[in-house]
Each structure stands twice: as C-alpha cells, then as structure tokens.
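Notes to accompany the following structure.
The values are calculated or read from the model by the stated rules, or taken from the named source; none is laboratory data. Keep in mind the model is a prediction, meaning the values are calculated, not measured. Virtual Cβ from ideal backbone geometry, glycine too; neighbours counted across all protein chains shown.
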Amino acid sequence: MSARSLESLLAVMLVAALAPVLVAALPGPKIPQVVVFIVGGILIGPHGAGLADTTSIQLLANIGLGFLFLLAGYELDPHLFKEQSGRLAVTGWACSAVLSVGAVAGLASFHFIRDFVPIGLALTTTALGTLLPILQDRNMLAGKFGRYVLAAGAVGELFPIIAISLFLTKRNQFVALGSILAVGLAALLLTAVPRLIGHRRLRALVKQGHRATAQTTLRWSIVLLVVLLLAAEQLGNDVVLGAMLAGMVLRSWTRRTEMDVRPLEEKLDAVGYGLFIPLFFVSSGMTLDVASIAKNPFRLVVFLVLLLVVRGLPSLFVYRNVLPARRRVEMTFITATTMPLLIALTEIGLHDGVMLPSNAAALVGAGALSVLIFPLVAATLHKRSQRGPPDQEQLVPEKTVPDTWTA
C-alpha cells in the first residue's frame, strides 16, 4: 500500500471518527451522521481540499455499500409481503412508478434531462438502510407503524434494485431476467444450508461463535455477503442485489437456530456502522461535484421536490384507511428519503453515457439533502404526536443501533 493510499484512508477515518463528536457538539436538533460523512467527504475530496482520493479506498467503500444493504435485507421480514403492510407498500411503489414516468416525460419535454431510466428509477427509491439507524434511535420502528415503514422501505429498495438489473443493462431483457433468477436461486439454495448442517450442529456453531476469539458466525456472515456480491457481479447484476439477498439469507439462518442472535447482530452493527458504512458515505461525498451543483442549483431543487412528490406523496393516499393523518405525513417524508441507490444509478448512467454530469451531481445532492431534511421533519412530527393522544397500536421496543452511529 502506497503512502498516498494510507493518507487517504487516514483522512477518511478521521472524518468518520469526528462525525459523532460534531453531531453531539452542534446545537439544535441532532442531524444524521450520514450528512456529516458526506459533507466531510466533500471537504477532503478532490473537489475540496484534495486530501484524499476515492481510488485508494474504493474496495473498502464497496464493502460498506454491501454492508448497508446486507443490514437492510437482514431487517426485512419476508412475511411482511403477505401482510397488509406489504401489499400497501407495493401499491405505493406502483403509484410512484407511474408518477415517475410522468415526471421524467415532463422534464424531457423541457430538455431538462436525456437520461430517462436512471432518473425515473431514482425517483422511486427509499433509503431503508440509511433510515434504519435514524428511525431506530427515535423509536419510530415500533408497533404497527414500524411494520408499514419497514415494508415501504424494503419495497423502495428491492424493486428498484431489480429494475436496475433488468433495464440498466446492455443485455437482452430475457438474459437479464435469467441472471436475476440465478442470483435469487443461489440465495434460495443458501437458505437450505442450516438443514444440511443440522439444527443441533448449527446451534453449537452459533454458540461457539459468540466467543470473542472465535467470531465464527461473524466470519461466515461476511463470507455469505462476499459470495452473493460476487455472484451478482459475475452474472451482470448490480452488487446491491446480492448484498440485500445476503441479508435475507442471513436472517433465515439466524431464525432457524432458535437462539439469541443479539450478539451476532451487535457484531454486524459494530463492523458495518462502526467501520465500513461510514467509509462508503465519506467516499460518496468525495465524488460529489459541488461546483457543478453551485453553477445550477435549480436542478438540485427540482430533484428534491420530485423525490418528495413522486416517492412520498402516494403515502398520503395509500395508507389513508390504516394510519392517521399525521402518521401518513411522517410516511411521506420517510419514504422520500433516499441516497445509496442514487449513487449507484448515477454511476451506471455516467458509465453508459446516458446521464448528464450536472444531473448526476444534482441528483446525489438532492439525495443528501433528503437524508438531512426529511427524516428530521418526520422525527419532529413523531415527537409531537407522542405528546398528544397515542395511536391505537402497541409499541414494542426494537433492536437499537449502537450510539457510535446515531450519536
């Protein structure tokens, strides 16, 4: 490793380490650390002070992206899709898809964009992996409302990921569909591993893996992530599909042990949120072309408004029979929050030459602002609702993310 690589890694790690300190020191409402990571990345990156470059930490940043979606997939309960929350989430995403088609058609008519598919998909995404620590810290994933949030977030990540693999590829659509099914089949086969090992042996393995010196379950979790990342990459799919499927497979493994899996979850949180995920967000900030946004800030404002209208607004109508008005407004801002998939979509669009660099920068900038503004608005509304008459739902404490992440 060169001295330049170590300097870049040191600068990125300093940003990650200083983020919770800055969040705690700043007055007023606590902003998400994700925003501090991105701003810090801008400051140290090639468009800022030039203290670090992305090529030196790209592999670690990609692992961070994988961990982000692994943890999102791990929180996804497949039974959600059989419940009303899952059906409403799919309906809401379908409404967003229709609105997105109209939005990109309107933008194209004004010669505002030429990159229909990546921008259209970007407007239908929800950053469940980014939202999880923010919402868990504020106890907003408890009870019935939490089920609706998790389902909407899962659909807002999983469906666009599948669409990316289908439509943002130079392969025939049938070949693309076949590759998605192949990765899905690989994930399905991996869920059968506990049966092959035997539940008694698996429980013994998990129990041994709790020891500090063994860490067996954590190592195999990382192996699972890398295997499905590699499978997705080899079959021409976006790696985030493999990462999310890895999280779903890992969830099926842990549930079959019928043991307390909190030690494993704590280790995954520590490795993911403590190291790799911050590296991903800092790296994302380093690639953000602030000068391009400053030249035409109107583009950023347009995309930010469209995220709220296209992805968020359907929640007001879809959940009208199951949630009170204030909770539906909270859902509007939660579902409109997006970030990681925007980065993936802009990278694909730029690589294929179908996305304007100015649109790519504005879209990622809008995603960063959505992470800063929308969850804060939702959390403020939620806090106010707690002071009034409680919703008629039983609040069940959820697993919390370490303070090192949420500060």
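Which condition number does residue 53 fail, the rest of (1) more than 20 Å from residue 289 (Cα to Cα); (2) at pLDDT 85 or above being met?
(1)
Could you count how many residues in the range 129-158 are among the polar types (S, T, N, Q) and closer than 19 Å to residue 317 by Cβ? I'd like the intermediate steps shown before the answer.
In the first step, residues of the range 129-158 are kept if they are among the polar types (S, T, N, Q); the result is 130, 136, 139.
So of that shortlist, the ones also closer than 19 Å to residue 317 by Cβ come out as none.
Total satisfying the criteria: 0.
I need a count of the residues in the range 33-56 that are more than 18 Å from residue 364 (Cα to Cα), surrounded by fewer than 18 Cβ atoms within 10 Å (Cβ to Cβ) and not polar (S, T, N, Q).
In the first step, residues of the range 33-56 are kept if they are more than 18 Å from residue 364 (Cα to Cα); the result is 49-53, 55-56.
Applying the additional criterion that residues be surrounded by fewer than 18 Cβ atoms within 10 Å (Cβ to Cβ) yields 49-51, 55.
Adding the requirement that they be not polar (S, T, N, Q) leaves 49-51.
Going through the range 33-56 one residue at a time, the tally reaches 3.
Here is a check on your reading of the model: is residue 126 within 16 Å of residue 314 (Cα to Cα), in contact (Cβ under 8 Å) with a residue 12 or more places away in the chain and buried (at least 24 other Cβ atoms within 10 Å of the Cβ)? Full working, then the answer.
On the way: within 16 Å of residue 314 (Cα to Cα): yes; in contact (Cβ under 8 Å) with a residue 12 or more places away in the chain: yes; buried (at least 24 other Cβ atoms within 10 Å of the Cβ): yes.
Criteria met by residue 126.
For residue 278, only one of the following conditions fails: (1) within 17 Å of the chain's Cα centre (by Cα); (2) part of a helix (DSSP H, G or I); (3) more than 27 Å from residue 56 (Cβ to Cβ). What is its number?
Of the numbered conditions (1) within 17 Å of the chain's Cα centre (by Cα); (2) part of a helix (DSSP H, G or I); (3) more than 27 Å from residue 56 (Cβ to Cβ), the odd one out for residue 278 is (3).
If a residue must be modelled with pLDDT under 75 and either surrounded by 19 or more Cβ atoms within 10 Å (Cβ to Cβ) or not in a helix (DSSP H, G or I) (or both), how many such residues does the range 159-178 contain?
Initially, the range 159-178 is screened for residues modelled with pLDDT under 75, giving 167-177.
Remaining after also requiring either surrounded by 19 or more Cβ atoms within 10 Å (Cβ to Cβ) or not in a helix (DSSP H, G or I) (or both): 168-172, 176.
Number satisfying all stated conditions: 6.
Return only the number of the condition from (1) assigned to a helix (DSSP H, G or I); (2) within 20 Å of the chain's Cα centre (by Cα); (3) more than 13 Å from residue 283 (Cβ to Cβ) that residue 31 does not satisfy.
(1)
Looking for whichever is in contact (Cβ under 8 Å) with a residue 40 or more places away in the chain, out of contact with any Cys (no Cβ under 7 Å at 6 or more places or on another chain) and either aliphatic (A, V, I, L, M) or farther than 20 Å from residue 31 by Cβ (or both) here; the options are 350, 356. Which one fits?
Working: 350 fails: in contact (Cβ under 8 Å) with a residue 40 or more places away in the chain.
Only one candidate passes the filter, namely 356.
Let's see how each residue does on (1) in contact with a Gly (Cβ under 7 Å, 6 or more places away or on another chain); (2) closer than 18 Å to residue 3 by Cβ; (3) in a loop (DSSP other than H, G, I, E, B):
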residue: 39; (1), (2), (3): yes, no, no
residue: 49; (1), (2), (3): no, yes, yes
residue: 61; (1), (2), (3): no, no, no
residue: 70; (1), (2), (3): yes, no, no
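Please report, ordered by residue number, the helices (runs of 4 or more DSSP H) entirely within the range 77-143 with at least 2 residues that are closer than 28 Å to residue 361 by Cβ and among the hydroxyl-bearing types (Ser, Thr, Tyr).
Details: elements: 84-109, 116-122, 128-137.
Correct list: 84-109.
Of these, 71, 60, 135, which one is surrounded by fewer than 23 Cβ atoms within 10 Å (Cβ to Cβ), in contact (Cβ under 8 Å) with a residue 12 or more places away in the chain and aliphatic (A, V, I, L, M)? Break it down into steps so the answer makes sense when it comes.
On the way: 71 fails: surrounded by fewer than 23 Cβ atoms within 10 Å (Cβ to Cβ); 135 fails: surrounded by fewer than 23 Cβ atoms within 10 Å (Cβ to Cβ).
Result of the check over 71, 60, 135: 60.
Do any residues in the range 90-118 that are under 24 Å from residue 318 (Cα atoms) and in contact (Cβ under 8 Å) with a residue 60 or more places away in the chain have Cβ atoms under 6 Å from those of residues that are in a helix (DSSP H, G or I) and of a type in the set (Val, Ile, Thr), where the two are at least six apart or on different chains, and which pairs are they?
What qualifies is 90/155; 91/318; 92/318; 93/155; 96/310; 99/310; 100/310; 103/310.
Tell me the residue from 320, 328 that is free of Cβ contacts under 8 Å to residues at least 40 places away in the same chain, outside any helix (DSSP H, G or I) and either surrounded by fewer than 21 Cβ atoms within 10 Å (Cβ to Cβ) or out of contact with any strand residue (DSSP E or B) (no Cβ under 7 Å at 6 or more places or on another chain) (or both), please.
On the way: 328 fails: outside any helix (DSSP H, G or I).
That would be 320, the only listed residue that is free of Cβ contacts under 8 Å to residues at least 40 places away in the same chain, outside any helix (DSSP H, G or I) and either surrounded by fewer than 21 Cβ atoms within 10 Å (Cβ to Cβ) or out of contact with any strand residue (DSSP E or B) (no Cβ under 7 Å at 6 or more places or on another chain) (or both).
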